[in-house]
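Chemist: Let me give you the structure first, and then I'll get to my questions.
The values are calculated or read from the model by the stated rules, or taken from the named source; none is laboratory data. Here the structure is a predicted model, which means the values were calculated and not measured. All Cβ positions, glycine included, derive from the backbone under ideal geometry; neighbour counts span all protein chains shown.
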Amino acid sequence: MRTTADVALRVSEVFASIQGEGPSVGTPSVFVRVQGCAVGCGWCDTKYSWDPRRGRAVTLEALLAEVKAAGPQNVVVTGGEPLESPAFAPLIDGLKALGRRVEVETAGTEVPPAVEVDQWNVSLKLAHSGVAEPRRLRPEAIARFRDLGAWFKFVVGEEGDLDEVLALQARYALPSERIVLMPLGMRREEQVARMPAVVQWCRRHGFRFSPRLHVLIWGPRRGV
């Protein structure tokens, strides 16, 4: 029988902050950023987490100790693309064994395994991400996340992006109350400029608006 000391993975960083976006925005949280991502969005703000060979190697036992010491009960497993990690399921199991509430941030390109996740935050990528459609939209994965009650987050900057969100909603039968719109931009000024239009789109279509608090507070900084 494998133990947490036998399981190893690579992580970019572990830090305590607040959840910056989505339905639990503002919640004190520990972030576990898993190394490795094959999606490759052009506007990604964590490109340092793409290469699966980088980051640091750590045993699951040591990682869980870091999470426990960090304090907050809410844990956000992010990346990179955490579902690409072979240690994803053991990591989730270990966090739940600690009694933590677990959120997972994912691009929704991998079918999720049968693990106990409290909240799936699925950031489906639009055309402006620069990622080819077959790579960013996997129907079987999207359908599974939908059936699990996931939240679907979209970064939007103009009306054409909204049209794309509406088309994806219709194609994959995504419930309006589970769609979150967030303004595009990695600088505070860009966020502020786009917020009024994004709020109007949310009101018009029954979507939820989310700021990107980490951008508004700290700008394009790492580890916050």
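Chemist: Regarding Gly42, is this residue within 17 Å of Gly108 (Cβ to Cβ) and small (Gly, Ala, Ser)?
Modeler: No; evaluated as a whole, the condition is false for this residue.
Chemist: Select from segment 45-72 the residues that are at pLDDT below 95 and part of a helix (DSSP H, G or I) and list them in ascending order.
Modeler: Result: Lys47, Tyr48, Ser49.
Chemist: Of the residues Gly149, Gly160, which is in a loop (DSSP other than H, G, I, E, B) and not hydrophobic (A, V, I, L, M, F, W, C)? It would help to see each step written out before you state the result.
Modeler: Values: Gly160 fails: in a loop (DSSP other than H, G, I, E, B).
From the options Gly149, Gly160, the qualifying one is Gly149.
Chemist: Here are Val156, Val180: which of them is at pLDDT 95 or above, hydrophobic (A, V, I, L, M, F, W, C) and farther than 21 Å from Ser17 by Cβ? Spell out the reasoning first.
Modeler: Numbers: Val180 fails: farther than 21 Å from Ser17 by Cβ.
Just one listed residue meets the conditions, Val156.
Chemist: When you look at Leu162, is it at pLDDT 95 or above and over 15 Å from the mean Cα position of the chain (by Cα), yes or no?
Modeler: yes
Chemist: For residues that are polar (S, T, N, Q) and modelled with pLDDT under 95, tally how many sit in segment 183-209.
Modeler: Count: 1.
Chemist: Only one residue in Gly108, Gly42 is at pLDDT 95 or above and among the small types (Gly, Ala, Ser). Which one?
Modeler: The conditions single out Gly108.
Chemist: I've got another one for you. Within segment 18-34, take every residue that is over 14 Å from Glu66 (Cα atoms) and polar (S, T, N, Q) and give me the one that is surrounded by the most Cβ atoms within 10 Å (Cβ to Cβ).
Modeler: Top of the filtered list is Gln19.
Chemist: Give the number of residues within segment 104-123 that are over 23 Å from Val30 (Cα atoms), surrounded by 16 or more Cβ atoms within 10 Å (Cβ to Cβ) and of a type outside the set (D, E, K, R).
Modeler: Our first condition is that a residue be over 23 Å from Val30 (Cα atoms); within segment 104-123, this holds for 109-111.
Those left that are additionally surrounded by 16 or more Cβ atoms within 10 Å (Cβ to Cβ): 109-110.
Applying the additional criterion that residues be of a type outside the set (D, E, K, R) yields 109.
Qualifying residue count for the region: 1.
Chemist: Kindly indicate which of Val131, Val155 is surrounded by 14 or more Cβ atoms within 10 Å (Cβ to Cβ) and in a loop (DSSP other than H, G, I, E, B).
Modeler: Of Val131, Val155, the one residue that is surrounded by 14 or more Cβ atoms within 10 Å (Cβ to Cβ) and in a loop (DSSP other than H, G, I, E, B) is Val131.
Chemist: Another question, if that's okay. Can you pull out every residue in segment 20-67 that is farther than 23 Å from Pro86 by Cα and of a type outside the set (Val, Ile, Thr)?
Modeler: Taking segment 20-67 and keeping what is farther than 23 Å from Pro86 by Cα, we get 20-29, 42-43, 45.
Selection gives Gly20, Glu21, Gly22, Pro23, Ser24, Gly26, Pro28, Ser29, Gly42, Trp43, Asp45.
Chemist: Among the residues that make up segment 7-14, is at least one of them more than 21 Å from Arg101 (Cα to Cα), touching a residue at least 40 places away in the same chain (Cβ under 8 Å), in a strand (DSSP E or B) and among the aliphatic types (A, V, I, L, M)?
Modeler: Checked segment 7-14: at least one residue is more than 21 Å from Arg101 (Cα to Cα), touching a residue at least 40 places away in the same chain (Cβ under 8 Å), in a strand (DSSP E or B) and among the aliphatic types (A, V, I, L, M).
Chemist: Looking only at segment 35-73, count every residue that is surrounded by fewer than 16 Cβ atoms within 10 Å (Cβ to Cβ) and among the aromatic types (Phe, Trp, Tyr) and tell me the total.
Modeler: Residues flagged as surrounded by fewer than 16 Cβ atoms within 10 Å (Cβ to Cβ) and among the aromatic types (Phe, Trp, Tyr) within segment 35-73 amount to 2.
Chemist: Write out, first by first residue and then by second, each pair whose Cβ atoms fall under 9 Å of each other, whose residues are 6+ apart or on separate chains, and whose first residue, in segment 189-216, is aromatic (Phe, Trp, Tyr) while the second is assigned to a helix (DSSP H, G or I) and surrounded by fewer than 17 Cβ atoms within 10 Å (Cβ to Cβ).
Modeler: Sorted first by the residue in segment 189-216, then by its partner, the pairs are Trp201/Glu159; Phe207/Ser176; Phe207/Glu177; Phe209/Val199; Phe209/Arg203.
Chemist: Here's another thing I want to ask about it. Just checking, which of Asp147, Asp161 is under 26 Å from Asp118 (Cβ atoms) and acidic (Asp, Glu)?
Modeler: Asp147
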